[in-house]
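The values are calculated or read from the model by the stated rules, or taken from the named source; none is laboratory data. The model shown is predicted, which means the values in this text are computed figures rather than measured ones. With ideal geometry, Cβ positions are generated from the backbone for all residues, glycine too; neighbour counts draw on all protein chains shown. We work out accessible area using only protein heavy atoms, side chains counted, and drop any ligands, DNA or RNA first. Shrake-Rupley method; radii C 1.70, N 1.55, O 1.52, S 1.80 Å.
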Amino acid sequence: MNTAYENASLRNPKPELLEPTHTAGRGNALDNIMSRMPAFNTVPVTTDCPKHGKQRWQVTEAVANAGNVQCQKCQWEHDAQQAKLQELKGDMLASLDIPSEHINADFSQWTVGGDDQTRARIAKIINFAKGYAANYRKGHANILLTGNTGTGKTKLACLIINEIVRQRYYAQMTVAFKRSGQIQHEIKATWDKTSSDSAASYIERLSRSTALIIDEVGEGDTSAVDKWADKDREQLSAIIDRRYQLRLPTIITTNMTDKEFYDHIGDRASDRLRQNIVQIPCVWPSYRVLTGRVRTL
């Protein structure tokens, strides 16, 4: 509560406490701006909200005449919720478990060398990827990125994931990025008798990710022993099959051709993926080779 002295001070401010540019009525810049602003007449309106009850507000005549004046408390709560969602989305983008150079990156940072025809194809791929992310949902198509090392497959996959988070974020969203060989290693770690996890729990947890990248399929993800290699393929197939059951898309990268890839993962997983998949062969030259600095001494 203001004291009498404070009230008096406000009524009769000391001149030295006010700068001339802040004093109203002296033709300063602020007065000039305010004098050019249109006057807004306000009128009282009453809203009857199921949540907040009857409320009385002052709104501009234009808003009142437009009708359908809504409860301002509901609007404030909605705005606060949206601001919180934006904050959480930013936190998720900054902390995704993807290669650090791709965190928060967007499609403007995906550069591929080549001729005009290649650049036109890249533009087509980016347009597809943006639309894919904007409409991402259950039942969406899987994506298979094939091509040689250095063509930007992993980066493109991560850019799509980033865009999915930007466009489709919700509080319970989960994103996973796993190299295929890493999946096999982590599953085998659950076999240790000291592990509190199990292979089944791991597969279920990974399979339920809102968005999942399986990177570098065919790179160190199967044993050299045939019977163990078959078991390794079964683990990968189990994840693909479970996501098929859950109607969750998977983004996959591989240095193999599409035929080699389907042969590698087996008939069951191939059948599930090919029911709804977009294949993107990355057949342009390696960006690392084109931009790399190689010196011979």
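Checking Y262, Y244 one by one, the residue that is assigned to a helix (DSSP H, G or I), open to solvent by 30 Å² or more (accessible area, probe 1.4 Å) and at pLDDT 95 or above is Y244 and no other.
Among the residues of the range 130-153, is any among the β-branched types (V, I, T), more than 28 Å from S270 (Cβ to Cβ) and assigned to a loop (DSSP other than H, G, I, E, B)?
Quick first cut of the range 130-153, residues among the β-branched types (V, I, T) only: 143, 146, 149, 151.
Now narrow it down to the ones that are more than 28 Å from S270 (Cβ to Cβ): none.
There is no residue in the range 130-153 that is among the β-branched types (V, I, T), more than 28 Å from S270 (Cβ to Cβ) and assigned to a loop (DSSP other than H, G, I, E, B).
Name the residue, out of L273, L236, that is in a helix (DSSP H, G or I), of a type in the set (A, V, I, L, M, F, W, C), touching a helix residue (DSSP H, G or I) at 6+ places or on another chain (Cβ under 8 Å) and modelled with pLDDT of 95 or more. The match here is L273.
What do you reckon, is A176 touching a residue at least 24 places away in the same chain (Cβ under 8 Å), touching a Leu at 6+ places or on another chain (Cβ under 6 Å) and closer than 28 Å to I203 by Cα? Spelling it out, A176 is indeed touching a residue at least 24 places away in the same chain (Cβ under 8 Å), touching a Leu at 6+ places or on another chain (Cβ under 6 Å) and closer than 28 Å to I203 by Cα.
Entry remark, the range 106-120: residues being under 16 Å from the mean Cα position of the chain (by Cα) and not hydrophobic (A, V, I, L, M, F, W, C) number 3 in total. The set of residues from the range 48-105 being polar (S, T, N, Q), over 16 Å from the mean Cα position of the chain (by Cα) and open to solvent by less than 80 Å² (accessible area, probe 1.4 Å) comprises Q55, T60, Q72, Q75.
Residue pairs whose Cβ atoms lie under 8 Å apart, sitting 6 or more positions apart in sequence or on different chains, and linking a residue in the range 268-279 that is within 12 Å of D241 (Cα to Cα) and in contact (Cβ under 8 Å) with a residue 12 or more places away in the chain to a partner that is buried (at least 16 other Cβ atoms within 10 Å of the Cβ) and of a type in the set (D, E), are R268/D241; A269/D241; R272/D241. Among the residues of the range 174-192, those that are outside any helix (DSSP H, G or I) and either surrounded by 20 or more Cβ atoms within 10 Å (Cβ to Cβ) or under 27 Å from the mean Cα position of the chain (by Cα) (or both) comprise T174, V175, A176, F177, K178, R179.
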